[in-house]
Amino acid sequence: MSRAGYVPLGERMATASEPLLRTLVRLPLLRWFFNTLGRFAISGRGAVVLVPYAWLLLFFAIPFVIVLKISLADQVIAQPPYTALVQWTEDTYLQIKLNLGNYLFLVQDALYWKAYLNSVKIAFISAFVCLLIGYPMAYAMARAEESWRNVLLMLVVLPFWTSFLLRVYAWIGILNNTGLINNWLIAAGIIDEPITMIRTNFAVYIGIVYSYLPFMILPLYSTLEKLDNTLLEAAADLGCRPFEAFLTITLPLSMPGVVAGFSLVFIPALGEFVIPDLLGGKDSLMIGHVLWDEFFANRAWPVASAVAIAMLTLVLLLMAGQRKLEEKAETAA
Amino acid sequence: MAEAKTTTAFEPWTDPNAVPYIEIRNVTKKFGEFVAVDNVSLNIYKQELFCLLGGSGCGKTTLLRMLAGFEEPTSGQIFIDGQDMAGIAPYRRPVNMMFQSYALFPHMTVEHNVAFGLKQDNVPKGEIADRVAKILELVKLGSFGKRKPHQLSGGQRQRVALARALVKQPKLLLLDEPLGALDKKLRESTQFELMKIQDQLGVTFVVVTHDQEEAMTLSSRIGVMNHGRIIQTGTPTEIYEFPNSRFVADFVGTVNMFPGRIVDEDNDYVRIGCDEAACTIFINHGVAAPPNAELWVAVRPEKIHLTREAPADARDNCVRGTVDGIAYMGDMSIYNVRLDSGKMIKVTQPNLIRHSEDTITWDDRVFLHWHASSGVVLTL
Ligand SMILES: Nc1ncnc2c1ncn2[C@@H]1O[C@H](COP(=O)(O)OP(=O)(O)OP(=O)(O)O)[C@@H](O)[C@H]1O
Ligand SMILES: [Mg+2]
């Protein structure tokens, strides 16, 4: 506004009637929107269902197609650094060139499948360790007094309030040769030489287990908490000792939580990049790192895309397997 | 009970030398400040079928859970077969319980549910299969063995729960509302089976119910509970005909209650003045109540006679009223009669004749009268 105190008439009207205007503008718009949807035989309920599909299409399917497309291209030194899939040649020929060499490359070069295998191994062991630690924790939380449960739940998710990267960096400080643990052990006279922990698979396991533990605990907790205590009483009543009751009642009934927690840890750990990069050594090569290298160091976008697609396929296969397991666990429970 | 008794009736509670199988001594259970079971003392004898009867939330389940070992009494002691149960884990007690919520294991088939307890006792496989099959047959679920609990109806689940508790043939069975979800026919046949099982195996039962009819037909004795206390224990007849309080009289069966005061008394009779009845109520036995105390006379509907003409001796126990409503129940009819004082009285009359022109009907002026032994004097 140029002159203080003076507000142009139009503007004044606009501010005064803004809410009204807005609804007036919005109503026909909304009506138009739903009418259009209605023309395609989509009701209000249909529209609600449509939203997640639209989301998936926009942020999953389309990027996926783009990545798939790049994975079938050739690497070139250009901007962007890959060839086009569809090209006009001699004005009249529409040429589609699919390069399967990138995938062949993945199979032929031991580096890739070793990295895949290593990723699966590390993710599996991490998920398993998470289960071993997370189950008793979730169990104790579910058994805790009701007033305590929410507090404990809060504590489990509390680390999320600090940056993930910072927390992984903190582990460097703890595991270093001159880090907390080694300093303590040397000060206590238990060891003379520092134990090498940083830049080993061990450090990667610690990092992954530490970071992903909440994803194991939360689904486990929610199934264990729902478990009807009278079932255990009934078991005890029929002469079953507590430990046996755990094995025959609690454990089978918490299988859906075990499967959910396991995949919530396993699948993201599979593609983990930061933790092996910061804490791992030569043996901790995981597929996430390979991808990074191809993409940024080699500028080999097509190979990187092929790596990503292959990994996605792997994850989808695993998820299908998990669905099967989950269904089985659920019908059992 | 082993010693020969002069009477054939099974009444160990009348025998001062009989040793109770369950002895509950001054047991109180508090949840925080809330008293769920309040200073209950109770003896239950071997082979009894003892019913705990009471309204919702009166502490029946809590008492049962203390017997099974899921709750520790806040104070007091429980003895089963002479052994103090304090600190004894549920899986060590010679007790099986059927839960009000059934507590069937959802991940196991019906067969496995029933077999669960037998497996814990390391019963041989073949025998387990036999016993499971037999008990499932008994509860009419022979062909349902392979199903999971969620594939059963409510009543079927209840029967699985019952079978699971019965199959172990424990010394003491605790049943929490065992037949609530069954239809009338099935309930009656299961009641019959329960009594048969008890006869054959000599099991002692403690059954919780809020169905008084069930309590009446099943039990050797009934304990009526209210607000965590046992108000009265006794045989079904005692509870029905000789209630010790207005609560019991009202809770078990239907009753007409007349508040009044003693106007005349001797060793072998009392006469009670009652404004609402507009007549004196004569009782042919003495009562132990202070002369001017307020008391109540309870008269059961079936003990009142309904006539158009005044009965011969109409000085006591005779009131006039108008028929306000009739409910035809088939075997009998329930008459709602409005006394001249405005009080409503329930009277039941058996329908002895199929049809008669002369039956008492709506708006008829009637006399209500009852025998001198029919009124129960209550001071509580
Ligand atoms: N764990 C508990 N914590 C607090 N209060 C409880 C607990 N268990 C029971 N109560 C209370 O104790 C009282 C008696 O409960 P109980 O389950 O014994 O009733 P009940 O006689 O079995 O009733 P119903 O016929 O409805 O099953 C109720 O008021 C209930 O709210
Ligand atoms: Mg109950």
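So if I check each of A:G281, A:G261, A:G271, which one is touching a residue at least 12 places away in the same chain (Cβ under 8 Å), crowded, with 22+ Cβ neighbours inside 10 Å and away from every other protein chain (no Cβ under 13 Å)?
Result: A:G261 is the single residue among A:G281, A:G261, A:G271 that is touching a residue at least 12 places away in the same chain (Cβ under 8 Å), crowded, with 22+ Cβ neighbours inside 10 Å and away from every other protein chain (no Cβ under 13 Å).
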If we keep only residues of the stretch B:88-104 that are under 22 Å from B:G59 (Cβ atoms) and small (G, A, S), then the residue farthest from the chain's Cα centre (by Cα) is B:A103
Of the residues in the stretch A:305-318 that are out of contact with any helix residue (DSSP H, G or I) (no Cβ under 7 Å at 6 or more places or on another chain) and without any contact (Cβ under 8 Å) to a residue 60 or more places away in the chain, the one that is least open to solvent (accessible area, probe 1.4 Å) is A:T313
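Out of curiosity, is B:L173 in contact with a strand residue (DSSP E or B) (Cβ under 6 Å, 6 or more places away or on another chain) and either within 16 Å of ligand 2 (Cβ to nearest atom) or closer than 25 Å to B:E213 by Cα (or both)?
Considered against the rule, which asks whether it is in contact with a strand residue (DSSP E or B) (Cβ under 6 Å, 6 or more places away or on another chain) and either within 16 Å of ligand 2 (Cβ to nearest atom) or closer than 25 Å to B:E213 by Cα (or both), B:L173 comes out as yes.
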Subset of the stretch B:320-365, residues at pLDDT 85 or above and among the β-branched types (V, I, T), comes to B:T322, B:V323, B:I326, B:I334, B:V337, B:I345, B:V347, B:T348
For B:G145, the lone unmet condition from (1) within 30 Å of B:V19 (Cα to Cα); (2) surrounded by fewer than 21 Cβ atoms within 10 Å (Cβ to Cβ); (3) more than 11 Å from chain A (Cβ to nearest Cβ); (4) not hydrophobic (A, V, I, L, M, F, W, C) is (1)
Flagged in the stretch B:51-96 as within 14 Å of another protein chain (Cβ to nearest Cβ) and within 12 Å of ligand 2 (Cβ to nearest atom), in numbering order, are B:T61, B:T62, B:L64, B:R65
Among the residues of the stretch A:221-238, the number that are open to solvent by less than 20 Å² (accessible area, probe 1.4 Å), facing chain B (nearest Cβ under 8 Å) and either in a helix (DSSP H, G or I) or farther than 15 Å from B:L104 by Cα (or both) is 5
Here the residues within the stretch B:147-162 that are under 17 Å from A:E233 (Cα atoms), modelled with pLDDT of 90 or more and away from ligand 1 (no atom under 16 Å from the Cβ) are B:V160
Being at pLDDT below 90 and not in a helix (DSSP H, G or I) narrows A:A84, A:A47 down to just A:A84
Subset of the stretch A:194-220, residues open to solvent by 20 Å² or more (accessible area, probe 1.4 Å) and hydroxyl-bearing (S, T, Y), comes to A:T196, A:T200, A:Y205, A:Y210, A:Y212
Margin query: Any residue at all in the stretch A:174-197 that's assigned to a helix (DSSP H, G or I), more than 30 Å from B:Q169 (Cβ to Cβ), touching a residue at least 40 places away in the same chain (Cβ under 8 Å) and within 14 Å of chain B (Cβ to nearest Cβ)?
Written below: no
Taking the stretch B:76-112 and keeping only residues that are within 16 Å of ligand 1 (Cβ to nearest atom) and open to solvent by 50 Å² or more (accessible area, probe 1.4 Å), one is left with B:Q100, B:S101
Every listed condition ((1) part of a strand (DSSP E or B); (2) open to solvent by 40 Å² or more (accessible area, probe 1.4 Å)) holds for B:E309 save (1)
Restricted to the stretch B:112-142 and to residues being among the small types (G, A, S) and more than 14 Å from chain A (Cβ to nearest Cβ), the residue farthest from B:E193 (Cα to Cα) is B:G126
Checked against (1) part of a strand (DSSP E or B); (2) more than 10 Å from ligand 1 (Cβ to nearest atom), B:K29 satisfies every condition except (2)
Discussion item. Any residue at all in the stretch B:316-329 that's more than 15 Å from B:L378 (Cβ to Cβ) and touching a Pro at 6+ places or on another chain (Cβ under 7 Å)?
Written reply: yes
If we keep only residues of the stretch B:21-34 that are away from chain A (no Cβ under 14 Å) and within 16 Å of ligand 2 (Cβ to nearest atom), then the residue surrounded by the most Cβ atoms within 10 Å (Cβ to Cβ) is B:K29
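The values are calculated or read from the model by the stated rules, or taken from the named source; none is laboratory data. Quick caveat: nothing in here was measured; it's all calculated off a predicted structure. With ideal geometry, Cβ positions are generated from the backbone for all residues, glycine too; neighbour counts draw on all protein chains shown. Accessible surface areas use protein heavy atoms only, side chains included; no ligands, DNA or RNA. Shrake-Rupley method; radii C 1.70, N 1.55, O 1.52, S 1.80 Å.
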